[in-house]
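Novice: The structure's right below; bear with me while I get my questions together.
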Amino acid sequence: MGFIMIGERINGMFKDIGEAVAKFDPKPIQHWAIKQTEAGAHYLDVNVGPTAEDRVKSMRWMVEVIQEVCDTPLCLDSTNYDAIEAGLEVCKKPAIINSCPAERPKIERVFPMAKKYGASIIALTMDKSGIPKSADMRVQFAMELVAAADEFGLSPEDLFIDPLILPCNVAQDHAPEVLEALRQIKQLSDPPPRTTLGLSNVSQNTLDRPLINRTYCVMAITCGLDSAIMDVNDDALVDAIATADMLLNRAIYCDSYAKVFRQR
Amino acid sequence: MPVEILREKFTGKVQEVVLGATKEEGGTRAYTVKLGGSSTLPFLQFEGEVPNRPAIALEIWDIKPDWHECFVPYYGDVWEDPVAWAKKAEEYGADIIYLRLRGADPELENSRSADECAKIVKAVLENTGAPLIVEGPGFPDKDNEVLQAVGEAAAGENIALGVAEKDNYRSIAAACMMNKHCIIARSPLDINILKQLNLMITEMGVPVEKVINDPLTGGLGYGIEYAYSIMERARWGALIGDKMMSLPLICLAGPEAWRAKEANAPNEEAGRGWGDQKVRGIMWEAMTAAALVQAGGDLILMRHPEAAKIVKKHIEDLMLPNAY
């Protein structure tokens, strides 16, 4: 299966989107929905942002305005599960729920919801006490999440395990641990769970963000990364992913393989 | 505890391509043939849909062919006359007629002109009901000229024109586009070129649902394993969502099988245990075709009517649902 790109740009953390959500102005949201779809995004992350007053209402509205202009599947991103459910109710295509940590009450809320709406889940290798440093602890959380999927009647493939990468300028030692975690997560079950990363996080506040994103993404793909929430409008990044896909023999080579990757 | 059958989950499927056009669709064919459409590996009906059975095309030429004498009882009386030969192919159960315009070979003494070829195609269409595929003589310049004329003469019939190759696809693609025909895109046992060619042809504006791929096949005992693995890889590409790998495949089983010495050798020159040529040749072709059907061939070009009959029965058996 080819690499799955989830466009990160429709997020209230970005100033233009935050303002659009506050004013219920669909234009900036639709602009990025189209722009990311044209760049080859397989999913669009939808996050109302921290400042939205009514997250439930805002999420439903955002899903609706995005679906007016494109039919790219959505990845509903919120810590408020009522907001996610409101979004799922109006999604025309199977969505991804972003996200669920390895905490029992949240698993009990999210996993049945995924089953009901035919959604996948981005599941985080963390619990209340935060993000662990070691690969081993990350894998242990992943194991709990895979077991929970089985318990609630979901396939491991319905999970996107996110081993959570931190900015390399503050937590440089996490980067290799995440790579090792990715390797081991792929061996947890057959079929294996899928994996994802909030890729741009690795380069927060660094000087050369695109280069770090691109390099880390290719390294992670080699270790078993199946998807990323990322800047799909960074052409060099997308080209690097297409090339990695091809060199891993997941996509058949042809002279225009990078272009084909975007068309898929 | 109930046993759960493990099933592959695929996201893609083989593109469906329709050959021929009936009266309602602006042509004169008695029926149309749908190729492709599968959402699983060949005949694994329990994992996905196999909506259309692989079709059989019978090969005819516009001139007398240089085939083994064992074809004489079947075609000997008609192979000076392409129209009569086409009708005979229909009687033998061809889903599709595959006409090779060998007579237009510029190296022949009385090489046919493009106009003459167009007339032959027109006459075949007027006297038969099966969808038609037309292959040029195999010389780029002449192919372009002949297929242009044939495409025009057959406008509305949704025939397939071939063969387009990497260095010679533009004018054939144009002829197909202009008259809304399908195109056969051939690559020399090379999956990368196959994909690139599809990309170039569709970028010219030929709709993806009008393209059939000829991956080139070997004959039984002569490289069929290599052909098989390429076809398998192509199908896998289609099923995981690579659109440029999802086109139905045509396999030239007949011509390949009859290039083998095992099919042709007379009894006195045959190796130990080869058996009688009549049976041997037919079986050689039938086995070649069976392997290509298993590899994912959607349209099988056959030459011997008896071999075609065997393969058709074989396909019917494979199409019985095995869902559980």
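The values are calculated or read from the model by the stated rules, or taken from the named source; none is laboratory data. Quantities reported herein were computed from a predicted structural model and do not represent experimental measurements. Ideal geometry is used to build each Cβ from the backbone, glycine not excepted, and the neighbour counts take in all protein chains shown. All accessible areas refer to the heavy atoms of the entire protein, side chains included, with ligands and DNA or RNA removed. Shrake-Rupley method; radii C 1.70, N 1.55, O 1.52, S 1.80 Å.
Novice: Please specify each residue of segment B:78-94 satisfying the condition of being part of a loop (DSSP other than H, G, I, E, B), in contact (Cβ under 8 Å) with a residue 40 or more places away in the chain and open to solvent by 20 Å² or more (accessible area, probe 1.4 Å).
Specialist: Those that are part of a loop (DSSP other than H, G, I, E, B), in contact (Cβ under 8 Å) with a residue 40 or more places away in the chain and open to solvent by 20 Å² or more (accessible area, probe 1.4 Å): B:Tyr92, B:Gly93.
Novice: Could you run through segment B:267-324 and say how many residues are open to solvent by 10 Å² or more (accessible area, probe 1.4 Å) and β-branched (Val, Ile, Thr)?
Specialist: 3
Novice: Can you tell me how many residues within segment B:95-115 are open to solvent by 50 Å² or more (accessible area, probe 1.4 Å) and assigned to a loop (DSSP other than H, G, I, E, B)?
Specialist: Residues that pass the stated criteria total 6.
Novice: Another question about this same structure. Name every residue in segment B:198-232 that is of a type in the set (A, V, I, L, M) and outside any helix (DSSP H, G or I), in order of residue number.
Specialist: B:Val206, B:Val211, B:Ile212, B:Leu216, B:Leu220, listed by residue number.
Novice: Also, quick follow-up: Could you say which residue among B:Gly20, B:Gly37, B:Gly27 is crowded, with 16+ Cβ neighbours inside 10 Å and in contact with a Ser or Thr (Cβ under 9 Å, 6 or more places away or on another chain)?
Specialist: B:Gly20
Novice: Which ranges mark the strands (runs of 3 or more DSSP E) fully within segment A:68-128 that have 2 or more residues being at pLDDT 95 or above and within 24 Å of A:Gln30 (Cβ to Cβ)?
Specialist: Counting at least 2 such residues, we get A:74-77, A:96-101.
Novice: Okay, next question. Quick check: is even one residue across segment B:214-227 in contact with a Gly (Cβ under 7 Å, 6 or more places away or on another chain), closer than 15 Å to B:Ala289 by Cα, surrounded by fewer than 17 Cβ atoms within 10 Å (Cβ to Cβ) and not small (Gly, Ala, Ser)?
Specialist: Scanning segment B:214-227, I find at least one residue that is in contact with a Gly (Cβ under 7 Å, 6 or more places away or on another chain), closer than 15 Å to B:Ala289 by Cα, surrounded by fewer than 17 Cβ atoms within 10 Å (Cβ to Cβ) and not small (Gly, Ala, Ser), so the answer is yes.
Novice: Moving on to the next point. From B:Leu44, B:Leu99, grab the single residue that is out of contact with any Gly (no Cβ under 9 Å at 6 or more places or on another chain) and modelled with pLDDT under 95. Don't jump to the end; show me each part of the working.
Specialist: Numbers: B:Leu99 fails: modelled with pLDDT under 95.
Just a single option satisfies the conditions, and that option is B:Leu44.
Novice: Residue under question is A:Arg262, and the condition is that it be touching a strand residue (DSSP E or B) at 6+ places or on another chain (Cβ under 6 Å), within 14 Å of chain B (Cβ to nearest Cβ), in contact (Cβ under 8 Å) with a residue 12 or more places away in the chain and open to solvent by 20 Å² or more (accessible area, probe 1.4 Å); does it hold? Full working, then the answer.
Specialist: Working: touching a strand residue (DSSP E or B) at 6+ places or on another chain (Cβ under 6 Å): no; within 14 Å of chain B (Cβ to nearest Cβ): yes; in contact (Cβ under 8 Å) with a residue 12 or more places away in the chain: yes; open to solvent by 20 Å² or more (accessible area, probe 1.4 Å): yes.
Against the criterion (touching a strand residue (DSSP E or B) at 6+ places or on another chain (Cβ under 6 Å), within 14 Å of chain B (Cβ to nearest Cβ), in contact (Cβ under 8 Å) with a residue 12 or more places away in the chain and open to solvent by 20 Å² or more (accessible area, probe 1.4 Å)), A:Arg262 does not qualify.
Novice: Say we look at segment B:247-263 and pick out the residues that are aliphatic (A, V, I, L, M) and outside any helix (DSSP H, G or I); which of these is farthest from the other protein chains (Cβ to nearest Cβ)?
Specialist: Kept after step one, since they are aliphatic (A, V, I, L, M), are these residues of segment B:247-263: B:247, B:249-250, B:252-253, B:257, B:260, B:263.
Pick out the ones that are also outside any helix (DSSP H, G or I) and you get B:247, B:249-250, B:252, B:260.
Values: B:Leu247: 13, B:Leu249: 14, B:Ile250: 19, B:Leu252: 22, B:Ala260: 29 Å.
Among them, the one singled out is B:Ala260.
Novice: Which count do you get for residues in segment A:157-188 that are under 19 Å from A:Cys100 (Cβ atoms) and open to solvent by less than 30 Å² (accessible area, probe 1.4 Å)?
Specialist: 11
Novice: Quick one: would you say A:Ala244 is open to solvent by 10 Å² or more (accessible area, probe 1.4 Å) and under 24 Å from A:Lys35 (Cβ atoms)?
Specialist: Considered against the rule, which asks whether it is open to solvent by 10 Å² or more (accessible area, probe 1.4 Å) and under 24 Å from A:Lys35 (Cβ atoms), A:Ala244 comes out as yes.
Novice: Only one of these is away from chain B (no Cβ under 14 Å), assigned to a helix (DSSP H, G or I) and among the charged types (D, E, K, R): A:Asp239, A:Asp245. Name it.
Specialist: A:Asp239
Novice: Quick one: how many residues across segment A:1-45 are aliphatic (A, V, I, L, M), open to solvent by 10 Å² or more (accessible area, probe 1.4 Å) and part of a helix (DSSP H, G or I)?
Specialist: 2
Novice: Residue pairs, Cβ under 6 Å, 6 or more apart or interchain, first in segment A:117-142 and aromatic (Phe, Trp, Tyr), second assigned to a helix (DSSP H, G or I). List them.
Specialist: A:Tyr117/A:Leu88
Novice: Could you list, in sequence order, all residues of segment A:219-236 that are outside any strand (DSSP E or B), touching a Leu at 6+ places or on another chain (Cβ under 8 Å) and open to solvent by 20 Å² or more (accessible area, probe 1.4 Å)?
Specialist: Within segment A:219-236, A:Met219, A:Thr222, A:Asp231 qualify.
Novice: Just give me the residues in segment B:247-265 being open to solvent by less than 20 Å² (accessible area, probe 1.4 Å) and more than 16 Å from the chain's Cα centre (by Cα), in sequence order.
Specialist: The answer is B:Ala260, B:Ala263, B:Ala265.
Novice: Those residues that are open to solvent by 30 Å² or more (accessible area, probe 1.4 Å), outside any helix (DSSP H, G or I) and closer than 16 Å to B:Ile120 by Cβ, I need them from segment B:137-154; list them, please.
Specialist: none
Novice: Could you check, for segment A:195-218, whether at least one of its residues is under 30 Å from A:Ala147 (Cβ atoms), β-branched (Val, Ile, Thr) and open to solvent by 10 Å² or more (accessible area, probe 1.4 Å)?
Specialist: No, segment A:195-218 contains no residue that is under 30 Å from A:Ala147 (Cβ atoms), β-branched (Val, Ile, Thr) and open to solvent by 10 Å² or more (accessible area, probe 1.4 Å).
Novice: Testing B:Ala185 on (1) assigned to a loop (DSSP other than H, G, I, E, B); (2) in contact with a helix residue (DSSP H, G or I) (Cβ under 6 Å, 6 or more places away or on another chain), one condition comes back false. Which one is that?
Specialist: (1)
Novice: I would also like to ask the following. Could you tell me which numbered condition A:Ser227 fails, if it satisfies all but one of (1) of a type in the set (S, T, N, Q); (2) away from every other protein chain (no Cβ under 14 Å); (3) out of contact with any Asp or Glu (no Cβ under 9 Å at 6 or more places or on another chain)?
Specialist: The single condition A:Ser227 does not satisfy is (2).
Novice: Please state which one of A:Ala114, A:Ala86 is touching a residue at least 40 places away in the same chain (Cβ under 8 Å) and either closer than 24 Å to A:Gly18 by Cβ or among the hydrophobic types (A, V, I, L, M, F, W, C) (or both).
Specialist: The unique qualifying residue is A:Ala114.
Novice: Taking segment B:228-246 as the search range and keeping residues that are open to solvent by 10 Å² or more (accessible area, probe 1.4 Å) and aliphatic (A, V, I, L, M), which one is farthest from the other protein chains (Cβ to nearest Cβ)?
Specialist: The selected residue is B:Ile230.
Novice: Something else about it: If you check every pair at least six apart or on different chains, which have Cβ atoms under 6 Å apart with a residue in segment B:268-280 that is under 17 Å from B:Leu220 (Cα atoms) first and a residue that is open to solvent by 50 Å² or more (accessible area, probe 1.4 Å) and not in a loop (DSSP other than H, G, I, E, B) second?
Specialist: Close Cβ pairs (under 6 Å, with a partner that is open to solvent by 50 Å² or more (accessible area, probe 1.4 Å) and not in a loop (DSSP other than H, G, I, E, B)) amount to B:Gln277/B:Asn267.
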